[in-house]
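Heads up: the structure comes next, in structure tokens.
The values are calculated or read from the model by the stated rules, or taken from the named source; none is laboratory data. Since the structure is predicted, the reported quantities are computational estimates derived from the model, not experimental observations. Reconstructed Cβ throughout: ideal geometry from the backbone, glycine too, with neighbour counts over all protein chains shown. Accessible surface is based on the protein model in full, side chains and every heavy atom, while ligands, DNA and RNA are left aside. Shrake-Rupley method; radii C 1.70, N 1.55, O 1.52, S 1.80 Å.
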Amino acid sequence: MSEFLYKFLISLSVGTLSRVYLMRVDYRQYPSYPRGIIMHLTFGMIAAALGSIALPALIAQDFTAVTFLTLAAEQFRSIRTMERENLSNIEEMEIIIRGKAYIEDIAKIFEARNYIVVLVSLTTSGLLYTLNSEYIAVTGGFIVLIILKRLMKGQQIWEIANVRTGKIWFDGAFLCVDDIVLINVGLKEKREKILKNGIAVILEPFNPDASITLSNLGQRQAIIHDVVAQMGIKKDVGEPDFTPIARQNTENGNMAIIFFPYFHDEEAILEAVRRSPVLESARRKPSQSRAGTKAEKRGG
Amino acid sequence: MSVEIKNMILGIVTHDKSKVSGGFAPVFYSMNEEESERLAFVVAKITSGMVHSLGNGVYVIVKH
């Protein structure tokens with residue numbers, strides 16, 4: 001086997017393995033098994049090949065080959081488009097939708113994972129060519145993988161808000177959770193069912209930034225979708241009364257969400273809410289703006 | 001692509017004729033409060049809407 005091929009295969013394997021490591025099939029069942037996985041593994045392999053070939057091409061002074069990297073970027077953007085289209089297409093058939101913001105976030109993560117694979121392969125092949133040691137190269141590749149994975153890890157709800165259960169009660173026909181009014185429920189029978197099956201959760205944001213992040217509609221929908229994916233829902237088509245709803249108290253930023261879970265377990269629901277992702281697109285940091293800081297200082 | 005009428009009153013149910021007059025939504029009159037609830041439930045089921053109570057014996061069905 002030629003030296004080039006040997007080195008290429010090592011960095012290709014490290015890259016592909018890192019895509020396997022980044023693949024997570026959990027409660028979300030996404031990417032779906034087995035076809036979705038095969039698709040992404042193949043894309044991962046292509047990404048690894050591109051990362052592995054870049055440096056040898058440069059060494060061989062084949063500069064046109066390096067331009068392939070730009071092609072790669074284009075290719076990965078198409079992965080994002082593919083994921084977005086996929087998820088948007090199945091959205092209509094979901095009882096509780098993911099929401100556009102969540103879909104966009106998922107699609108972005110899939111694209112980013114492929115960039116990680118390219119970088120891991122690039123590091124591995126770089127180390128192989130400079131230090132000529134397989135062990136260092138493979139270890140180096142995996143270290144880069146772990147660092148990048150850490151960096152890519154987004155926040156979860158427990159990091160921005162305190163999550164506790166709330167009290168469900170009715171003010172006439174108005175469904176309330178603690179001091180937050182959610183919706184008007186006209187039928188007595190439905191009200192009784194809501195009291196029986198509902199579990200209310202209150203999110204108390206730690207600061208104004210968190211409060212503004214939570215107010216994003218996509219963020220609310222993402223929490224609801226994630227919890228329903230894990231805890232199930234007692235709702236069928238044509239039963240809008242049992243749709244989970246999130247409403248915010250604009251005075252203190254607290255958010256109330258009511259769920260009608262299949263598994264009636266308060267602790268588990270709280271855990272599911274706490275572990276929900278904070279969407280990249282929903283995150284706001286007004287405290288880091290000049291106007292926001294000024295308002296905060298004046299106690300606004 | 002499907003077209004749906006959302007966030008509009010699809011139907012009104014009441015047993016008190018003096019409370020509702022005119023409007024674009026069909027009005028269903030009932031004999032008493034109990035029948036109103038049942039009627040509202042049926043209309044909501046048919047339209048996949050949700051029943052809201054105005055608190056004065058008038059129920060409106062809205063699809064969200």
Flag for A:Glu189 being closer than 29 Å to B:Lys45 by Cβ and surrounded by fewer than 16 Cβ atoms within 10 Å (Cβ to Cβ):
yes
What do you reckon, is A:Val185 β-branched (Val, Ile, Thr), within 14 Å of chain B (Cβ to nearest Cβ) and more than 22 Å from the chain's Cα centre (by Cα)?
yes
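From the list A:Asp236, A:Asp241, which residue is within 14 Å of chain B (Cβ to nearest Cβ), more than 21 Å from the chain's Cα centre (by Cα), part of a loop (DSSP other than H, G, I, E, B) and modelled with pLDDT under 95? Full working, then the answer.
Values: A:Asp241 fails: part of a loop (DSSP other than H, G, I, E, B).
One residue alone meets the criteria, A:Asp236.
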Looking at (1) more than 27 Å from A:Thr130 (Cα to Cα); (2) not in a helix (DSSP H, G or I), find the lone condition where A:Gln61 falls short.
(1)
Restricting region A:199-219 to residues that are open to solvent by 10 Å² or more (accessible area, probe 1.4 Å), touching a residue at least 60 places away in the same chain (Cβ under 8 Å) and in contact with a Leu (Cβ under 9 Å, 6 or more places away or on another chain), the residue that is nearest to the other protein chains (Cβ to nearest Cβ)
A:Gly218
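Does A:Tyr129 meet the test of being touching a Lys or Arg at 6+ places or on another chain (Cβ under 8 Å), surrounded by 15 or more Cβ atoms within 10 Å (Cβ to Cβ) and more than 30 Å from A:Gln248 (Cα to Cα)? Spell out the reasoning first.
Working: touching a Lys or Arg at 6+ places or on another chain (Cβ under 8 Å): yes; surrounded by 15 or more Cβ atoms within 10 Å (Cβ to Cβ): yes; more than 30 Å from A:Gln248 (Cα to Cα): yes.
Answer is yes for this residue.
Can you name every residue in region A:165-182 that is more than 14 Å from every other protein chain (Cβ to nearest Cβ) and either in contact with an Asp or Glu (Cβ under 7 Å, 6 or more places away or on another chain) or open to solvent by less than 40 Å² (accessible area, probe 1.4 Å) (or both)?
As a first pass, look at region A:165-182 and keep what is more than 14 Å from every other protein chain (Cβ to nearest Cβ): A:165-169, A:176-180.
Of everything in region A:165-182, those that are more than 14 Å from every other protein chain (Cβ to nearest Cβ) and either in contact with an Asp or Glu (Cβ under 7 Å, 6 or more places away or on another chain) or open to solvent by less than 40 Å² (accessible area, probe 1.4 Å) (or both) turn out to be A:Thr165, A:Gly166, A:Lys167, A:Ile168, A:Cys176, A:Val177, A:Ile180.
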Elements of type strands (runs of 3 or more DSSP E) contained in region A:130-183, each with 1 or more residues being of a type outside the set (D, E, K, R) and closer than 24 Å to A:Lys108 by Cβ:
A:161-166
